[in-house]
Amino acid sequence: MIAMLRPRFALLLLATSGAAVADLPRPAAEYFGDFQACALVQTRDRHRETWFEFGPDQCHLPQSPCSTFKIPNALIGLQQGVVSGPDHVKEWDGETRQREETNRDHDLASAIRDSVVWYFQSLARDVGAAAMQQWLKRLDYGNQDISGGIDRFWLSSSLQIDAYRQLEIIKSLDHQTLPFKPLFQQQVSDMLIQSSELPGLLHGKTGSCRGAGPGQPDHGWFVGWIDWHASTPRNPVTSWFVVNIRGSEAWGWHARPIALSLLQDLKSQE
């Protein structure tokens with residue numbers, strides 16, 4: 001399956017398997033404004049497959065996963081048994097943080113929804129460095145480098161991953177082919193469901209990181225997939241996507257509407 005291949009082989013397979021190049025109704029660069037950008041969208045039904053790619057140089061650039069790492073972090077926590085399920089509550093530590101919604105107790109589901117950093121820092125500490133390292137190796141997750149610290153390595157720190165590998169992992173989660181119990185993959189998939197105006201069931205996660213050093217740009221992610229409502233049981237239609245932006249205040253909540261606009265327009269051109 002493409003989802004489990006390294007990026008260069010996945011792209012070669014896409015190029016030689018009859019995947020059609022997807023078109024947009026206007027120049028792709030217009031979707032991203034002043035941000036440097038990468039976008040990958042793969043759409044498939046039982047009869048055809050389309051592929052959209054913008055900014056391949058940036059797509060190949062390893063970057064901090066930021067809060068998109070909450071996806072594997074949650075899976076690892078569930079598999080290791082340090083969280084019992086979506087309703088596993090962790091008590092707020094009392095430290096007041098900038099985003100008000102984080103300043104309370106959270107369960108796993110609300111911590112993903114509200115992107116609660118402290119919850120997942122606690123989860124990672126409970127997993128421990130040795131087990132975390134083993135899981136990143138097993139997942140072939142980017143450079144697998146957790147030297148930035150067990151509760152910081154995914155936040156503008158040592159762990160880096162490129163957009164192609166992000167897409168592979170997202171597809172594997174949707175297909176439940178990651179090395180975790182199917183129940184846990186289904187639970188995490190369900191916790192990623194978001195409302196949107198698109199005619200489909202959207203699963204997604206944002207991520208935002210400040211520049212790692214002087215002169216380094218901020219960057220944001222939005223990754224996930226959408227099961228289109230026009231699908232039928234005999235011919236399901238799914239689009240998997242990764243959008244990454246770089247620049248001043250290039251946050252995940254800016255990447256999200258860009259991704260949704262791309263998805264909508266790509267779908268309209270089919």
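The values are calculated or read from the model by the stated rules, or taken from the named source; none is laboratory data. For clarity, every value in this text was computed on a predicted model and none was experimentally measured. Virtual Cβ from ideal backbone geometry, glycine too; neighbours counted across all protein chains shown.
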Any idea which of (1) farther than 22 Å from Asp23 by Cβ; (2) more than 20 Å from the chain's Cα centre (by Cα); (3) of a type in the set (Lys, Arg) is the one Arg246 doesn't satisfy?
(2)
Does any residue in the stretch 127-144 that is modelled with pLDDT of 95 or more and surrounded by 19 or more Cβ atoms within 10 Å (Cβ to Cβ) come within less than 7 Å, Cβ to Cβ, of a residue that is part of a loop (DSSP other than H, G, I, E, B) and of a type in the set (Val, Ile, Thr) six or more places away or on a different chain, and which pairs are these?
Val127/Val82; Met132/Ile146; Met132/Ile150; Leu136/Ile146
If a residue must be hydroxyl-bearing (Ser, Thr, Tyr) and not in a strand (DSSP E or B), how many such residues does the stretch 222-240 contain?
1
Options Ile226, Ile150, Ile193, Ile170; residue that is of a type in the set (Val, Ile, Thr) and over 15 Å from the mean Cα position of the chain (by Cα):
Ile150
Please count how many residues of the stretch 213-248 are under 15 Å from Phe32 (Cα atoms), of a type in the set (S, T, N, Q) and out of contact with any His (no Cβ under 9 Å at 6 or more places or on another chain).
1
Name every residue in the stretch 197-236 that is modelled with pLDDT of 95 or more, more than 20 Å from Leu159 (Cβ to Cβ) and touching a Gly at 6+ places or on another chain (Cβ under 9 Å), in order of residue number.
Leu202, His203, Gly204, Trp225, Ile226, Asp227, Trp228
Under 6 Å between Cβ atoms, at least 6 apart or on separate chains: pull out the pairs that start in the stretch 53-70 with a residue that is within 16 Å of Ala250 (Cα to Cα) and at pLDDT 95 or above and end on any residue that is among the small types (Gly, Ala, Ser) and assigned to a helix (DSSP H, G or I).
Cys59/Ala163
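Quick grid of which residues meet (1) over 24 Å from Gly211 (Cα atoms); (2) touching a helix residue (DSSP H, G or I) at 6+ places or on another chain (Cβ under 9 Å):
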| position | (1), (2) |
| --- | --- |
| Leu61 | no, yes |
| Cys66 | no, yes |
| Asn73 | no, yes |
| Gly85 | yes, yes |
| Ala130 | yes, no |
| Gln133 | yes, no |
| Leu136 | no, yes |
| Leu139 | yes, yes |
Hits in the stretch 217-245 (condition: among the polar types (S, T, N, Q) and within 17 Å of Asp162 (Cβ to Cβ))
Asn244
Scan Leu167, Leu192, Leu178 and give me the residue that is closer than 20 Å to Ser115 by Cβ, crowded, with 18+ Cβ neighbours inside 10 Å and either at pLDDT 95 or above or not acidic (Asp, Glu) (or both).
Leu192
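Just to verify a result, which residue in the stretch 54-106, among those that are small (Gly, Ala, Ser) and assigned to a helix (DSSP H, G or I), is surrounded by the fewest Cβ atoms within 10 Å (Cβ to Cβ)?
At the first step, the residues of the stretch 54-106 found to be small (Gly, Ala, Ser) are 55, 64, 67, 74, 77, 81, 84-85, 94.
Still in the list and also assigned to a helix (DSSP H, G or I): 67, 74, 77.
On the way: Ser67: 23, Ala74: 26, Gly77: 26.
Ranking the candidates gives Ser67 first.
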What do you reckon, is Pro217 of a type outside the set (A, V, I, L, M, F, W, C) and free of Cβ contacts under 8 Å to residues at least 12 places away in the same chain?
no
